[in-house]
Structure formats: structure tokens, C-alpha cells
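The values are calculated or read from the model by the stated rules, or taken from the named source; none is laboratory data. None of the values given here were measured: they were computed from a predicted structure. Cβ: placed from backbone, ideal geometry, glycine included. Neighbour counts: every protein chain shown. Accessible surface areas use protein heavy atoms only, side chains included; no ligands, DNA or RNA. Shrake-Rupley method; radii C 1.70, N 1.55, O 1.52, S 1.80 Å.
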Amino acid sequence: GYNLHDEQGWKFGEIGIWASNWTAWNNFLKSDAEYLILMEDDIVSGDMFMEIIINYMQQLPENWEVFHAFSPYDQFEKYKNSHDFGAQDVCVAYQDWSALCYIITRDAAKKMIDNSNMFSLPLDWYMFRQHHLFKTYTIKPSSKFPCTLLPTESTFQTKQKREILNGIL
């Protein structure tokens, strides 16, 4: 596990997110699909959800691997001009958390699976804090977001305790 606020280990919900995403990536690689879109259960999609996502995907650089269609409002202050690469609405990922809605390429899914034996961070941190591993992009704070978080309590964040899971993993 990892250490957060002087608590070491994992919450079972974090392990569940890893397991469900890993399973989705694995099944995706068995398909002939070009991209996989993954959404959490607390997503609220806006009007023209897919049209906005397609428009933003067309703005991504050719070598993109992961595109996050959401960034939490409390992360906007982390956005800097250095995240820009010339696109109108998308930029290099600046946020630190949330895998509410993301699209992943086949190459990135394979990388995620190949490197998952080394994971020591929650899934969102794993993608956002390792720029050397993944070419991750998101939406600029000034652009329209196609989705947002449902304003509800996250049970795994508020009710589960971080524990060292010896022998489980």
C-alpha cells in the first residue's frame, strides 16, 4: 500500500477500482476496438456528451494514450500554460485525482497491464503522477466538460479504513 495522512495500506475500494479497470483493459485488448471509455458509477453526463468527447479527442496529439474527460474543480489551480500544446480545449493532464471518465488506447491499456505488477498508488494517481509512463491529457479548465461528479458521498472514501493487506495481494 501507500501512505496518506499517516495511514499506510489500501482501502478495499481502491483495490476494487484497480481490479475492475484491469479487467476492462484486459477484455478491451481481446477485442478489435480502437479505444475504451471507462466511467465510474457516480458520473453525470451532460448534454451532447459523446459529441463533446469526440470533438476533444480530435484535438489530441497523435501519440496520446489516455484522455480524461473530467477534471475536478479543486484541481483547476494546477493548470499552467506549460500544459498547453496548442489545442483549443485539451491539454496535458494537470489534475491529481479522479478517473470519473477516461478513454484509453490499446497501447496504453497494454502498458497499464504490463506495469500493473508494480502498482503502489491508487489508479488515478498512477496515471497522473507518472508522466514518464503515460501520455495523459485532459480538458482545459476554461472549456466545457461533458460530465461531472454526482454530488454524493463516496462510501469507500469516507467509510473504509486504510489497511495493510498482507497476503491478500
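Tell me, what is a quarter of the convex hull surface for the C-alpha atoms of segment 100-163, in nm² with one decimal?
Answer in nm², one decimal: 6.2.
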Quiz item: Rounded, prolate or oblate: which one fits segment 42-92, using the alpha carbon gyration tensor with axes a ≥ b ≥ c (rounded when a/c is under 1.5, else prolate when a/b beats b/c, else oblate)?
Solution: oblate
Practice problem: Please report, as a whole percent, how much of the solvent-accessible surface of segment 1-101 comes from carbon and sulfur atoms (probe radius 1.4 Å). | Solution: 51 percent
Quiz item: For segment 13-21, in order, what is each residue's ³J(HN,Hα) by Karplus, 6.51 cos²θ - 1.76 cosθ + 1.60 with θ = phi - 60°, in whole Hz (x at glycine and Pro)?
Solution: x, 5, 5, x, 5, 4, 5, 5, 5
Quiz prompt | Computed E for residue 81/residue 133 - FRET, C-beta separation, R0 22 angstrom, nearest 0.05 | solution = 0.40
Quiz item: What is the distance in Å between the Cα centres of segment 100-129 and segment 1-74?
Solution: 9 Å
Quiz item: So if we plug the beta-carbon distance of residue 22 and residue 96 into 1/(1 + (r/R0)^6) with R0 = 22 Å, what FRET efficiency do we get, rounded to 0.05?
Solution: 0.55
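Tell me, what is the percent relative contact order of the chain, built from C-alpha pairs under 8 Å that lie six or more residues apart?
Values: 257 pairs, mean separation 64.8, N = 169.
Relative contact order for the chain comes out at 38 percent.
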Quiz item: Using θ = phi - 60° and the Karplus form 6.51 cos²θ - 1.76 cosθ + 1.60, what ³J(HN,Hα) does each residue of segment 5-12 get, whole Hz, x for Gly and Pro?
Solution: 6, 6, 10, 9, x, 9, 8, 4
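Could you give the length gained by full extension between residue 165 and residue 33, i.e. 0.36 nm per residue of separation minus their alpha carbon distance, to one decimal place? Can you show the working numbers first?
On the way: separation 132, 0.36 × 132 = 47.52 nm, distance 3.52 nm.
Stretched out fully, the residue 165 to residue 33 stretch lengthens by 44.0 nm.
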Quiz item: Can you list the HN-Hα couplings for segment 52-61, worked out from phi with the Karplus curve (6.51, -1.76, 1.60; θ = phi - 60°), rounded to whole Hz and with x for Gly and Pro?
Solution: 5, 4, 4, 4, 5, 5, 5, 8, 6, x
Quiz prompt | Set of lysines near residue 161 by C-alpha distance (under 22 Å), chain-local residues within fewer than 8 positions excluded | solution = 11
Self-check item: Accessible surface, per residue, of segment 1-89 when the full set of protein chains is kept, probe 1.4 Å, Å²
Solution: 60 Å²
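Two decimals is fine: what's Rg over Rh for the chain, C-alpha atoms, Kirkwood radius as Rh?
Values: Rg = 16.0 Å, Rh = 16.8 Å.
On the Cα set of the chain, Rg over Rh gives 0.95.
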Quiz item: Under 17 Å Cα-Cα from residue 135, which aspartates and glutamates qualify once same-chain neighbours fewer than 8 residues away are excluded?
Solution: 34, 62, 65, 84, 89, 96, 107, 114, 124
